[in-house]
């Protein structure tokens, strides 16, 4: 009950009606901005949402749009023996998704896909046979789990969904068991590797429909009261979370005294980001601006005398940071970038390294 949050989607530079016509002020001549700085530059004004005084804004947190990536993995078929059975096992696990086809006895949403062939004795021929079997598999809805191609003995697997992850990929070779005349084992003779890690997109069509506005009858009907905030397909949205704190007078609210802290989330369409961040420039220069780098390798910008929190998604384990130019920026182990006292300009290369050694550069441009 104390976590008051508003969420709004900004699709236009000016307010529009249900039919997309730009609204005019009471003079009938001027368009009404969807967001604007007050005349005395002391507040941000969002008609239909509220007015936010700059002195009460504690922080602005940005998560930029990031396109999703379909995971790709490869496995090489080893030299086979003619007539033996080879088994390819691919275990798919879901990330940030709960598709019913992957429900199982465990808490994870995962599914093993297993195909077998009788070896031809030629690795390239076996690889082609595996590909044919994989691409013919369909789930109960008629969709393939992933796609496969082969070049020589190398099989390439490509996920069909950004949330699919190749947890394990193995090839086993038929081996008789000394304790049974009917059972066989399939010891692993080859293991696949992920060549392109998958990533769930942020602010793309799927994410907006799933997380911001479900395409229900009420949300999609012709006279929906929030029709102008319906996510636009291909809009590519970035999220700005504004933390707002106001001193209470001692009698206002359920709990007297202290501060009233609220959170206000804005999803801004890609072509409006420049205008939106220009409006926020007064806050950015005086408050802490948080960036979440959803692409690991990203490009950020900051001003002198700012403190920026860099958070890298899709990393395994703890992140450590290092900077090749400590005179331009100081980076600590939590990703807090301090640029106080900087008089020159960037860019500064910051390297983020996770616990298993994956490293990605982040380019930070500093404007004095």
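The values are calculated or read from the model by the stated rules, or taken from the named source; none is laboratory data. Just so it is clear, the model here is predicted, and its values are computed rather than measured. So basically every Cβ, Gly included, is an ideal-geometry build from the backbone, and we count neighbours across all protein chains shown.
Points worth noting:
- Subset of region 53-82 [exposed (fewer than 15 other Cβ atoms within 10 Å of the Cβ) and in the same structural domain as residue 97 (by TED's automatic domain parsing)]: 78, 79, 81, 82
- The residues of region 84-107 that are more than 25 Å from the chain's Cα centre (by Cα) and either under 24 Å from residue 156 (Cα atoms) or in contact (Cβ under 8 Å) with a residue 60 or more places away in the chain (or both), listed by number, are 84, 85, 86, 87, 88, 89.
- Residues of region 14-48 that are closer than 20 Å to residue 212 by Cβ and in contact with a helix residue (DSSP H, G or I) (Cβ under 9 Å, 6 or more places away or on another chain): 15, 16, 18, 20, 34, 35.
- Where strands (runs of 3 or more DSSP E) fall wholly inside region 1-110, the ranges with 2 or more residues that are farther than 30 Å from residue 189 by Cβ are 5-10, 43-46, 50-53, 57-63.
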